Structure formats: C-alpha cells, structure tokens
1. Working carefully through the options GLU249, GLU196, GLU223, find the one that is within 30 Å of the chain's Cα centre (by Cα), charged (D, E, K, R) and more than 25 Å from TYR92 (Cβ to Cβ).
2. Of all the helices (runs of 4 or more DSSP H) wholly in the range 342-431, which have at least 3 residues that are in contact (Cβ under 8 Å) with a residue 40 or more places away in the chain and closer than 30 Å to GLU64 by Cβ?
3. I'm told ASN218 meets every condition in (1) modelled with pLDDT of 95 or more; (2) assigned to a loop (DSSP other than H, G, I, E, B); (3) closer than 19 Å to ILE266 by Cα except one. Can you identify the failing condition by its number?
4. Any chance you could count how many residues in the range 37-79 are modelled with pLDDT of 50 or more and assigned to a helix (DSSP H, G or I)?
5. Mind listing just one residue for me: the one in the range 182-193 that is more than 12 Å from the chain's Cα centre (by Cα) and either among the acidic types (Asp, Glu) or crowded, with 21+ Cβ neighbours inside 10 Å (or both) and, of those, farthest from LEU291 (Cα to Cα)?
6. Quick one: how many residues across the range 265-282 are of a type in the set (S, T, N, Q) and touching a residue at least 60 places away in the same chain (Cβ under 8 Å)?
7. With the checklist (1) in a helix (DSSP H, G or I); (2) touching an Asp or Glu at 6+ places or on another chain (Cβ under 7 Å) in hand, flag the one item MET231 doesn't pass.
8. Determine, yes or no, whether ALA262 is over 28 Å from the mean Cα position of the chain (by Cα), part of a loop (DSSP other than H, G, I, E, B) and either without any contact (Cβ under 8 Å) to a residue 24 or more places away in the chain or crowded, with 18+ Cβ neighbours inside 10 Å (or both).
Amino acid sequence: MNHNGFNGNIDIKKGGRMTGRLSLVSAVLASILAVITLVSPLKTGYTAVNARSSKKNDPATLSEDGFAVLEIDLDGYPEDDIHRSTWKHITYTLRWDGQVLSEESAQIKGRGNYTWGMPKRPYAIKCDKKTDWFGFGASRDWVLLANITDQTQMRNLIALTLASKFNFDFTPQCRPAHVFIDGKYNGLYLITEKNEIDKERLKIDELRGDMLLELDNNYGGGEPDSFQSVMGNTFVPKDPSREELDAEENEEVSFRQALKNARDKINAFETGISQFKGFAEFSQYMDMDSLVEWYIFNEIMKNDDTLFNSSIYLYNDYDGVLHMGPVWDYDLAMGGIDRNDGKNVDPTGFMFLENYWGRPNWMECVLKSTTFNKMVRDRWKELYSSGTFEYIAAFLEVQREYLRKAYDVNYELWNNYGVFVPSDSFDDAVDYLKNFIVNRVSWLNSQWNDSDVTPEPVEITPSPTAKPPRTKAPSADPAASATAAPETAHTTGPDASHEGGSEKPDQGRKGGNDEWIGYVLLFVGLTAGLITVSLTAYLIITGIKEKKLKRSGDRSGK
C-alpha cells in the first residue's frame with residue numbers, strides 16, 4: 001500500500017539508512033555521556049573528600065585578615081619524597097596580611113616522631129641564608145608544627161605564649177600560618193623558631209663548650225652520640241653538632257669534651273637527688289630557679305610527654321651548671337588526650353607525683369626537699385598575683401576569634417583526624433581547653449598558695465591587623481586587642497561529653513557528610529554510566545539488525 005505517495009521499498013531503504021545513522025549518532029553521544037557521567041561524580045567526590053584544590057583555599061584570599069601564608073614549591077619531585085633523614089631543595093614565598101615578607105631558596109625535611117606518621121606532616125625548613133620571619137630575629141632554621149591531634153589548633157600556641165611569661169632563658173616565638181605545598185592547600189600550621197643556640201635565641205657559647213640537650217626516653221636511644229645517665233634517662237645532644245665543634249677553625253673545646261662535661265654534671269645531679277644528699281649537694285649542678293620554672297610550667301600543662309618521656313630540653317653551661325628549658329611539644333597537653341585512667345583530662349592532681357609512666361623521675365626526688373618546695377610556693381605566688389594566668393585566659397579568647405576562619409578552612413581538609421578528645425565544634429573544643437586551664441590553675445593555687453593574694457586584672461594589646469611594611473616585620477601577637485577580667489575558681493570544668501579515651505581518629509561531622517555525598521554521587525554516576533553503556537550497546541545491535549534487514553530488503557527488491 002502506498003502511503004502519502006511514497007513507495008514501500010523506498011521507505012525501507014531510506015528508513016533503514018536514517019535509523020542506522022541515528023543509531024550511530026546516538027551511540028557516539030551515549031559514549032560521550034557515559035564518560036562525562038562517570039568522571040563527574042569522581043571529580044565531585046574527590047573535591048568533597050579532599051579540599052586541597054578548593055578554589056577558595058588560595059594564598060591571596062587566605063593571606064588577608066592578618067593571616068600568614070607559606071607557599072612551598074618543590075623542585076620537581078613529589079611530596080612523598082620528603083623524608084626526615086635528608087634535606088630537599090625548595091623555594092618558598094612567605095606572605096602576611098596580603099604582603100610578601102620573604103621569597104627565598106631553602107631546604108625542607110620531615111620532623112617529629114609519632115606525628116610524622118600522620119597524613120598532615122610536620123616539617124623543618126632551612127633557609128639558604130639567615131632570614132627574619134615575622135620580626136622574630138634572623139635565622140636559617142624554622143619549624144612547621146602540624147598540630148593534627150589538637151582540634152583547637154592552639155595548644156602549642158597557648159603553651160609557648162604562657163612560657164614567654166616565665167623566666168626561661170629562651171622560648172620559641174610562633175605564628176599560625178596556612179601552608180601550601182606545590183600549589184595545594186596543606187592546612188593550618190604553627191610556624192615556630194627552633195630550639196637552638198643562637199645570638200637571637202638561646203644566647204650561650206657553643207664554641208666554648210656550652211651544649212643544648214634533649215632528654216628523650218622514647219626515641220633517643222638510636223640518635224648519634226646519645227648517652228644514658230645513672231638513673232637510666234637517655235640524653236641526646238642537639239646543638240652544636242659534632243661537625244661544628246670539631247671544625248678546624250675551632251680550637252677551644254672539642255665535641256667530646258663538651259659532651260663529657262654535660263654528661264658528668266647530669267650524672268652528678270641525678271646521683272645527688274636519687275640518694276637525696278640534700279639541697280645543698282644537688283643544687284651544685286643545676287640552676288634550681290630554672291628547675292622551679294620548668295616544674296611549675298609543666299604541672300600546669302599536665303603534659304605526660306614531659307613526664308620524662310621526651311621533649312625535655314636543658315642546656316649545660318660548660319663553666320657553670322645545668323639549666324632547664326626551653327620548653328617544647330604541647331599538642332597533647334591541657335587535657336588533649338584521655339589516657340592513664342583519665343588522669344590526663346583531670347585538672348586536679350600532681351602529675352609528677354603520680355608518675356604513671358614509671359620513668360626515672362627527677363621531681364619525685366627533688367620534691368622531698370623542703371627548700372625546693374618553698375621555692376615553688378614563692379614563685380607560684382608571684383606568677384598568680386602578677387596576672388599571668390588571667391593574661392592567658394584573655395589571650396585564648398583573642399585567639400578563638402582570630403583562628404575561627406582559619407579553623408574552618410583547615411577543618412574542611414583534615415576534619416578531626418588524629419584528635420584524641422574530640423568536641424562537637426570549634427567553640428566547644430576551645431571551651432574545653434579554657435576550662436581545663438582555669439580549673440588546673442585554680443587547683444594548683446589551692447595547693448601552693450596559702451595567702452589571700454588576688455590576681456591583677458589584665459589588658460591584652462596584641463598588634464593591629466594593619467598591613468606591615470616590608471622593612472618592618474609584624475609583631476608576634478596576631479590579633480585585635482581585648483580586655484579580660486580575672487577568671488574565678490568556680491568556672492565549669494571539662495564536660496563529660498568531651499572525654500574521648502579512644503585513639504581512633506574522629507573524622508568529624510562536616511567531613512563525614514562531604515564524604516558520603518561523594519560516595520552517593522559516585523554510585524549515581526556509575527549507575528547512570530552502566531545504563532548509558534547498555535543503551536549504547538542496544539543501539540549498536542539495533543543498527544546492525546537494521547543493516548541486515550536493509551540488505552535483505554535490497555535482495556528481495558532485486
């Protein structure tokens with residue numbers, strides 16, 4: 001039958017040709033759609049899980065509002081090639097408040113022990129020449145602390161700020177900074193000075209035999225030139241190096257002589273306290289004022305790493321005595337980890353007398369001395385009445401507001417990864433930290449202060465956020481001014497809901513939601529891709545059948 005004036009055979013030929021072409025076009029389009037559909041959710045899921053390439057996390061944006069930004073460019077090698085054992089070449093750009101402070105060539109290597117195993121790793125930077133970062137004083141050596149286990153990102157900052165109010169010979173200055181590696185955002189870090197002998201830092205004379213050492217019972221045994229004391233503590237010489245002291249131009253004291261001098265004094269001090277020969281005996285080898293400062297500070301911190309595990313620095317005056325400090329490593333302090341049957345998160349109790357690690361503990365011996373105990377009480381009263389602790393409480397509130405935006409950007413990437421005592425929000429985490437400090441100080445005051453002295457009100461006046469001229473680096477206090485009244489002893493303590501106790505990292509609510517979104521999109525994309533591939537196969541098979549039908553029609557027409 002003839003429809004609309006068209007011959008039936010012609011209809012079959014044209015229709016088959018047209019259908020075949022449509023099938024081919026559809027197949028091509030379907031294939032393109034399949035690729036787009038598969039790639040799109042993968043890309044979206046990657047962005048949700050890994051915010052390192054987020055457009056809003058760019059150096060120009062983050063260097064505004066008074067923030068430091070450090071951009072590290074690797075020399076063509078992958079980030080995984082950075083190790084703790086060797087230095088690798090880099091170039092860097094350091095910005096503050098939108099302005100470039102330094103652009104130099106340098107070297108980088110990994111640092112830390114436990115924290116080096118975390119995905120957000122700490123680093124050491126060695127500039128090719130001495131450079132002044134933030135007005136801290138020129139140096140070649142700088143440290144990037146990752147603080148991945150600290151949800152507040154401020155425990156080391158608070159600890160070093162408080163230590164600067166004590167009478168230590170040197171305390172590293174520090175500043176929070178966003179760090180980029182090869183253009184990818186790597187999170188919020190704390191840039192600090194290095195514990196080292198230097199005319200801008202620990203002002204002692206290494207060429208005349210003075211030496212900085214670390215007591216490290218966790219990791220020190222494998223370090224070069226480490227030694228074990230008579231009480232069984234392991235000490236590692238940190239500065240100067242053997243190469244520096246044994247250089248040809250140094251004719252004063254050899255490394256061997258300097259190390260022996262320090263070892264002999266440590267052994268004499270430990271013998272004096274362990275056999276308790278009396279204050280007059282063991283005080284011949286230790287600056288007892290520095291030990292008082294160190295003891296009080298670390299009781300406030302309740303940092304069990306300092307319970308004769310590691311990160312205990314002291315220096316030896318070759319012609320004098322041992323001195324405690326500088327202090328270091330407080331990312332798990334102030335209730336930052338729930339272990340030792342909950343004693344770490346309890347703001348009461350003397351940490352050094354509890355001695356839950358069972359390490360060779362100097363303070364158990366020294367605290368038998370009534371003279372030393374009186375020195376502790378007298379020094380505590382000075383600190384308490386001077387407003388030192390009110391300053392820290394007020395400084396913490398300033399940092400809460402200053403770090404809020406930076407915390408959100410860092411949290412988008414790292415969530416609560418590695419945090420041992422997680423809170424539901426940044427403010428909850430800061431409240432928990434503040435409550436621990438306030439209650440800790442209150443409890444120690446009840447033990448050490450039998451007077452009616454009250455602390456003075458404190459006014460904090462950190463540096464303004466005006467852009468710094470290149471010729472003048474900014475001050476170390478990065479925030480707007482604030483005034484705080486004294487804290488009272490009845491401030492609410494740590495909430496029970498904050499106590500973790502598990503060392504399994506909490507990935508965080510926001511990061512978890514983003515990750516699930518990525519997985520859902522990935523599932524939808526894969527499903528759509530399979531449907532599209534199936535449709536493509538169907539169209540191709542249909543096209544083949546139509547071609548066969550057309551050929552069959554052609555033969556029958558002949």
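1. Working: GLU249 fails: within 30 Å of the chain's Cα centre (by Cα); GLU196 fails: more than 25 Å from TYR92 (Cβ to Cβ).
Result: GLU223 is the single residue among GLU249, GLU196, GLU223 that is within 30 Å of the chain's Cα centre (by Cα), charged (D, E, K, R) and more than 25 Å from TYR92 (Cβ to Cβ).
2. Numbers: elements: 351-354, 362-366, 370-385, 388-414.
Correct list: 388-414.
3. (1)
4. Total meeting the criteria: 8.
5. For the range 182-193, the residue satisfying everything is ASP182.
6. Filtering the range 265-282 down to residues of a type in the set (S, T, N, Q) leaves 267, 271, 274-275.
Those left that are additionally touching a residue at least 60 places away in the same chain (Cβ under 8 Å): 274.
The total comes to 1.
7. For MET231, the exception is condition (1).
8. On the way: over 28 Å from the mean Cα position of the chain (by Cα): yes; part of a loop (DSSP other than H, G, I, E, B): no; either without any contact (Cβ under 8 Å) to a residue 24 or more places away in the chain or crowded, with 18+ Cβ neighbours inside 10 Å (or both): yes.
The answer is no for ALA262.
The values are calculated or read from the model by the stated rules, or taken from the named source; none is laboratory data. As the structure is a computational prediction, the values presented were derived from the model and not from experiment. We place every Cβ from the backbone using ideal geometry, glycine too, and count neighbours over all the protein chains shown.
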